[in-house]
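First comes the structure, then the notes that go with it.
The values are calculated or read from the model by the stated rules, or taken from the named source; none is laboratory data. Since this is a predicted model, take the numbers as computed values, not measurements. Here the Cβ positions follow ideal geometry from the backbone for every residue, glycine too, while neighbour counts run over all protein chains shown.
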Amino acid sequence: MLSAIFEQIVNGIVSGSVYAIVAVGMTMIFGVLRAINFAHGEYYMLGTFGAWFAIEYFDLPYPIAIVIGVIATSIIAVVVGKFVMQRIVGAPPETGVLATLGIALVLQNTVILIFGGGYKFFSGGYIEPVSIFGFTLAEQRVLIIIVCILVFVGLELMVTYSRMGKAMRAVSQNIECCAVVGIDVPQVALRTFILGACLAALSGVLTAPVNVSVYGGMGEIITFKTLPVIIMGGLGNVRGTFFAAMILGIAESLVATYVGLQFRDTVGFATLMLVLMWRPHGLFSAQARF
Amino acid sequence: MSPNDLSLSARRRDLRLPFGAALAAAACLAPLFLGNYALHAIIIALIFLLPAHGLNLLVGYTGLLSLAQAAFFGIGAYTSGLMAVRFGTPFYLNFLAAGVLAGAIALPLGIPALRLRATSFVMCTLGFVIIGQAIAKNWISLTRGDMGLSGIPKPYFALGPASFTISGTTSFYYLVLVIAVIGTLAAYLIVRSAAGRNMVAIRENETLAESVGIPTWRYKLVVFMISAAFAGLGGSIYAHYLTVVSPLTFQMYYSTTMLIIVLGGGAGTISGVVFGSLLFVGLSEALRVAPEVRMIAYGLCLLALVFWFPKGFAPLIDRFWSFLGERK
Amino acid sequence: MTGLPILEISGLNKSYGAVRAVDDVSLHVNRGEICGLIGPNGSGKSTFFDCATGLSKPNAGTVKLDGQDITGWSLNRIAREGRMLRSFQKTVVFSALDVEENLVIAGQMFTFPGLWSTFGIGAMARTRVEALRERAREFIKIAGLWDVRHQPAGKLSGGQQKLIQFASMLMPEPKLILLDEPMAGINPKLIERVVESIRFANQKFGVSFLVIEHNIDVVTDICERIVVLDQGRKLAEGTPDEIVRNQAVREAYLGG
């Protein structure tokens, strides 16, 4: 019984890692651009499709497919970033919501138009089981957890020591002063956005072997799961997002096993709604402003 | 006044009334020269018109961006469908019940939601749609889950001994037309009332509105409820037209469509919303545009609206209308 | 100017964390009086205003308006039921609406008995709005804004917007108006105009005033009584002459 629960928790940590990698990108984008990226899940989908395409049409090995998936997404991210995301900086919140909604619609439906809406089979990945601490786990799942740890350690280092990281912190804390100090805010915004989108793509490519099915609409669910994570982790808060993601992953796993699979995907948003409706002031302050 | 002046003023004719009359005539006589499919497109456009009016009151007039219309649309659809299927009640009862229930549910939802700041409020409204779909899928005893309700009877009216059923596209068209006209009139009256002015005040500057005695929070709640009721009414007609209701009625797609109608047509104007509905929904339905292409178009429209055309088609409609009034 | 003060504030306290922005301040405004509130920057004047008018919640203290306890009332309730209005330092108007609409809105909640009545479309509602429009047009004429009355308020000059703001506050026949630095940012020629408007409202409509202002000349000119705040506490109170000669006041302004 205990080992069963533990197994679910480990599964939850795997899902949590997936969410964490996606969510950290979204929360950083919020920190710098002050915009909720409703299209974030689409980059997850694009990365997955890029990798799938590489494997299906060019018969490339999985590691190369990972790279291709991320690069393909980054190219799209550059275009979206330059033409849309940079303009969101400094705009009222509605602008970000509507613009990223628009991007999501375009990306999602273009993919469906080109590749068809049906489910595709993802054939790459390390799905051989491996034994760790007496547990049998697909290799891919272990890989996901490892990558997640690497990503967060890397981000922690980048934000603390690199010039880019410090610039990102500066912009997210006080955007008005940045231009005065000589920080190129649009450039920081663009790079943060591309980084976030690539992380989402990476998460997608790594998860594809586990989920197996790839389809154009898969990004939307990811967006809907990531939103609660970044809000409850604290918008712009990288560490908080990590923990919120893990908690969501584990909660989903436990709910799926002990309450019902059909409720799994609602756990995140349901929890978010409870938090928003019951403790709104704990998250945002209400002030009269002109 | 010299004779020259008289002849000048005789040449300036106000074409607005004739234009309006022609439009009304065209609307009434449409089934005579439009095929069933074109009528179907207009019906769909008019069904979406009511929820769009509701959203317009919220977004265009009070300044509150909400994605929740789909949730109340779905509530209205299920309410109407369930009543028709389970109790066999006449259409006007189902219709009213849908609006009343949607508006009523908006009260306990709106009270906590409206305390949130703009971004969280948007997210909360999105949550209503997601949770709504989850409830529709899982409350199987009520909604039959994923199977949904099917075989919703055609709208029928019973007044004492007399009763008649709306069957056929043409009769449905007239039903929806009447409802749409009444709904548009209602929206227009709300907007022209003192309350409508107060809503605009809240949108322009909430604190200033408060300082002149406007209870802004209560207004937002009332408008949220009215908006939900409009959406519920639209959902009711939708259910009876499609004869099928499923959890897929609770989808972002509907909220997004209504948003496009309002923002693209011209938020904060009544004619803009009517125009937007006919253009974005009616036209794309009539052209049998593939759903993916339509959504891409919507996405591009949103981007264009946000960055270049914040007022949508409203300025063009305004210019056209004054052009009609000054024609020589 | 006898009888119950129109505004009576006792023991007002407002802290932000460890900072005492307003420290046990009591003041009153007599009926029909123009009272000034001055003090160096950071002395807590704006915070005091915000607490008195319901924009902020004070930590302690009571606010009585015309004998009624309005402590804790919201901004809109104080305006609507209490008939105490306030201006804002930064002149604000409803930018997209024209001058007449701005004034009509400013008066609406005072003629309509409640929220639901504002949705009315009958004769009663129309009569009310017509009366408001009449009143608005009178103010527009007095303010010299007749020619621009159909222009969106956002397009008018700062001085014109200030007049709109002032006229808005007179639409509801208020008992008391709190002005937050009315002379801030206007060019000197308009100052006389604003002073006249304040006197006009005070004498013709019997409106009492509490004015925050930095311009000492204006304050000593129009105010019958002045209260001085320094570092959140009431430092002095008296007639303009007394205040100007008060040693502690001079030090507060000139010293630290």
Practice task
Could you tell me which numbered condition C:Gly107 fails, if it satisfies all but one of (1) more than 13 Å from chain B (Cβ to nearest Cβ); (2) surrounded by 18 or more Cβ atoms within 10 Å (Cβ to Cβ)?
Solution key: (1)
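This table checks each residue for (1) of a type in the set (S, T, N, Q); (2) in contact with a helix residue (DSSP H, G or I) (Cβ under 6 Å, 6 or more places away or on another chain); (3) more than 27 Å from A:Gly96 (Cα to Cα).
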site	(1), (2), (3)
B:Trp217	no, no, no
B:Gly234	no, yes, yes
B:Val245	no, yes, yes
B:Val262	no, yes, no
B:Gly272	no, yes, no
B:Ser277	yes, yes, no
B:Val293	no, no, no
B:Val306	no, yes, no
B:Phe313	no, yes, no
Problem - Every pair of residues 6+ apart whose Cβ atoms lie under 7 Å, when the first sits in region B:314-326 and is in contact (Cβ under 8 Å) with a residue 12 or more places away in the chain while the second is among the hydrophobic types (A, V, I, L, M, F, W, C) and assigned to a helix (DSSP H, G or I) - result: B:Ile317/B:Phe275; B:Leu324/B:Phe19
Problem - Residue in region B:284-301 that is surrounded by the most Cβ atoms within 10 Å (Cβ to Cβ), counting only those that are at the interface with chain A (Cβ under 8 Å from one of its Cβ atoms) and hydrophobic (A, V, I, L, M, F, W, C) - result: B:Met295
Completion exercise
Only unsatisfied item for C:Gly42, checking (1) under 30 Å from C:Asp241 (Cα atoms); (2) within 14 Å of chain B (Cβ to nearest Cβ); (3) not polar (S, T, N, Q), is (2)
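Test C:Glu101 against the criterion of being at the interface with chain B (Cβ under 8 Å from one of its Cβ atoms) and part of a helix (DSSP H, G or I), and give yes or no. Before the answer, list the steps.
Working: at the interface with chain B (Cβ under 8 Å from one of its Cβ atoms): yes; part of a helix (DSSP H, G or I): yes.
It is true that C:Glu101 is at the interface with chain B (Cβ under 8 Å from one of its Cβ atoms) and part of a helix (DSSP H, G or I).
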Practice task
Run B:Lys311 past the list (1) buried (at least 24 other Cβ atoms within 10 Å of the Cβ); (2) part of a loop (DSSP other than H, G, I, E, B); (3) more than 14 Å from the chain's Cα centre (by Cα) and report the number of the one that doesn't hold.
Solution key: (1)
Practice task
Select from region A:104-134 the residues that are surrounded by 14 or more Cβ atoms within 10 Å (Cβ to Cβ), of a type in the set (Phe, Trp, Tyr) and closer than 30 Å to A:Glu7 by Cα and list them in ascending order.
Solution key: A:Phe122, A:Tyr126
Handout entry: All helices (runs of 4 or more DSSP H) inside region B:184-268 with 3 or more residues being within 14 Å of chain C (Cβ to nearest Cβ)
Key = B:194-204, B:206-211, B:216-242
Handout entry: Residue list for region B:74-103, filter: buried (at least 20 other Cβ atoms within 10 Å of the Cβ) and of a type in the set (Phe, Trp, Tyr)
Key = B:Tyr78, B:Phe91, B:Phe95
Exercise for the section: With the checklist (1) within 20 Å of the chain's Cα centre (by Cα); (2) at pLDDT below 95; (3) farther than 27 Å from B:Val289 by Cα in hand, flag the one item A:Val97 doesn't pass. Expected result: (3)
Problem - Qualifying residue in region C:57-75 (condition: assigned to a loop (DSSP other than H, G, I, E, B), among the hydrophobic types (A, V, I, L, M, F, W, C) and under 19 Å from the mean Cα position of the chain (by Cα)) - result: yes
Exercise for the section: Working only within region C:76-90, note down all residues that are closer than 17 Å to C:Ser208 by Cβ and either within 7 Å of another protein chain (Cβ to nearest Cβ) or outside any helix (DSSP H, G or I) (or both). Expected result: C:Ala79, C:Arg83, C:Met84, C:Leu85, C:Arg86, C:Ser87
Handout entry: In region A:233-255, the residues that are within 14 Å of chain B (Cβ to nearest Cβ) and surrounded by fewer than 23 Cβ atoms within 10 Å (Cβ to Cβ)
Key = A:Gly234, A:Leu235, A:Gly236, A:Val255
Problem - B:Leu96 vs. criteria over 25 Å from A:Phe38 (Cα atoms) and under 20 Å from the mean Cα position of the chain (by Cα) - result: yes
Handout entry: When residues of region C:47-75 are limited to those that are within 14 Å of chain B (Cβ to nearest Cβ) and among the hydroxyl-bearing types (Ser, Thr, Tyr), the one surrounded by the fewest Cβ atoms within 10 Å (Cβ to Cβ)
Key = C:Ser74
Handout entry: Matching residues in region A:85-96 - criterion: being surrounded by fewer than 21 Cβ atoms within 10 Å (Cβ to Cβ) and either away from chain B (no Cβ under 13 Å) or not polar (S, T, N, Q) (or both)
Key = A:Arg87, A:Val89, A:Gly90, A:Ala91, A:Pro92, A:Pro93, A:Glu94
Practice task
Output the residue which, of all residues in region B:104-118 that are assigned to a helix (DSSP H, G or I) and touching a Phe, Trp or Tyr at 6+ places or on another chain (Cβ under 8 Å), is surrounded by the fewest Cβ atoms within 10 Å (Cβ to Cβ).
Solution key: B:Pro112
Practice task
Filter region B:140-162 for residues that are exposed (fewer than 13 other Cβ atoms within 10 Å of the Cβ) and not in a helix (DSSP H, G or I) and give the result.
Solution key: B:Gly151, B:Leu159, B:Gly160, B:Pro161, B:Ala162
Handout entry: Residue in region A:183-206 that is at positive phi and either of a type in the set (Lys, Arg) or within 14 Å of chain B (Cβ to nearest Cβ) (or both) present
Key = no
Practice task
Go through region B:153-191 residue by residue and tally those that are at pLDDT below 85 and among the hydrophobic types (A, V, I, L, M, F, W, C).
Solution key: 6
Fill in the blank from the handout: Those residues of region B:75-133 which are among the polar types (S, T, N, Q) and within 11 Å of chain A (Cβ to nearest Cβ) amount to B:Thr119, B:Ser120, B:Thr125, B:Gln133
Practice task
Looking only at region A:211-218, decide whether some residue is away from chain B (no Cβ under 14 Å), part of a helix (DSSP H, G or I) and modelled with pLDDT under 90.
Solution key: yes
Exercise for the section: Could you tell me whether any residue of region C:170-190 is more than 14 Å from chain B (Cβ to nearest Cβ), out of contact with any strand residue (DSSP E or B) (no Cβ under 8 Å at 6 or more places or on another chain) and without any contact (Cβ under 8 Å) to a residue 24 or more places away in the chain? Expected result: yes
Handout entry: Members of region A:135-145 found to be of a type in the set (Val, Ile, Thr), over 18 Å from A:Val238 (Cβ atoms) and surrounded by 12 or more Cβ atoms within 10 Å (Cβ to Cβ), listed by number
Key = A:Val142, A:Ile144
Fill in the blank from the handout: The strands (runs of 3 or more DSSP E) lying entirely within region C:1-45 that contain at least 1 residues which are of a type in the set (Asp, Glu) are C:7-16, C:19-29
Problem - Filter result for B:Ile261 (touching a residue at least 60 places away in the same chain (Cβ under 8 Å) and buried (at least 24 other Cβ atoms within 10 Å of the Cβ)) - result: yes
Practice task
Test A:Thr266 against the criterion of being of a type in the set (S, T, N, Q), crowded, with 19+ Cβ neighbours inside 10 Å, under 13 Å from the mean Cα position of the chain (by Cα) and not in a loop (DSSP other than H, G, I, E, B), and give yes or no.
Solution key: no
